[in-house]
Amino acid sequence: SEYDFEDEVARIVTFEELQMNTKRGNEEIKFVEEKGVAFAELSYFEIFNFLLSQGTFSKEFEEPNKAYVTERIAQKYFGKTDVIGKTMKMDNSLTFSIIGVLKDLPSNTAQKTEIFVSYISLK
């Protein structure tokens, strides 16, 4: 039997304890996200077999200011999981739009961050 393993590499940088802002209706919602935000490349999701509940893993994530969030984060910030197209602001500077919702991470994972912003957004 032959296996074809592609060498996949993905850059990821995580910042913890960030203030996140969004709007729920007319209400401004603010949280300090202890687990922070990860700036990641698209291949990261393939390497670690992330599952989506909404949206697709697409080249759109290679554009600036795009993000995937977990169902838990969607619920926490918006009170629902149908959040594609919604925007969030990080530390009153970077605004990004959600292009997909990830299934919640298993409790046994080392990956704690639940907001993933396109790596190219990193300044």
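Numerical summary
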{"quantity": "Residue satisfying condition, being farther than 18 Å from ALA10 by Cα and either within 12 Å of the chain's Cα centre (by Cα) or among the small types (Gly, Ala, Ser) (or both), within set ASP82, ASP104", "calculated": "ASP104"}
{"quantity": "Subset tally (residues that are within 23 Å of LYS80 (Cα to Cα) and either open to solvent by 100 Å² or more (accessible area, probe 1.4 Å) or in a helix (DSSP H, G or I) (or both)) for the range 18-44", "calculated": "5"}
{"quantity": "Yes/no for ASN49 being free of Cβ contacts under 8 Å to residues at least 24 places away in the same chain and either under 12 Å from the mean Cα position of the chain (by Cα) or not in a helix (DSSP H, G or I) (or both)", "calculated": "yes"}
{"quantity": "Contacts under 6 angstrom Cβ, first residue in the range 7-19 being within 18 Å of PHE96 (Cα to Cα) and of a type outside the set (Asp, Glu), partner open to solvent by 60 Å² or more (accessible area, probe 1.4 Å) and modelled with pLDDT under 95, 6 or more apart", "calculated": "LEU18/ASP91; GLN19/VAL32; GLN19/ASP91"}
{"quantity": "Spans of strands (runs of 3 or more DSSP E) in the range 65-123 with at least 2 residues at pLDDT 95 or above, of a type in the set (Lys, Arg) and open to solvent by 50 Å² or more (accessible area, probe 1.4 Å)", "calculated": "none"}
{"quantity": "Residue match in the range 44-61 (condition: within 23 Å of ASN26 (Cα to Cα) and out of contact with any Cys (no Cβ under 6 Å at 6 or more places or on another chain))", "calculated": "no"}
{"quantity": "Residue selected from the range 52-64 under the condition assigned to a loop (DSSP other than H, G, I, E, B) and open to solvent by 70 Å² or more (accessible area, probe 1.4 Å), by the criterion nearest to LYS123 (Cα to Cα)", "calculated": "GLU63"}
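The values are calculated or read from the model by the stated rules, or taken from the named source; none is laboratory data. Computed from a predicted model, the values in this text were never measured in an experiment. Glycine gets a Cβ as well: all are built from the backbone with ideal geometry, and neighbour counts include every protein chain shown. Areas reflect the complete protein model, heavy atoms only, side chains present, ligands, DNA and RNA absent. Shrake-Rupley method; radii C 1.70, N 1.55, O 1.52, S 1.80 Å.
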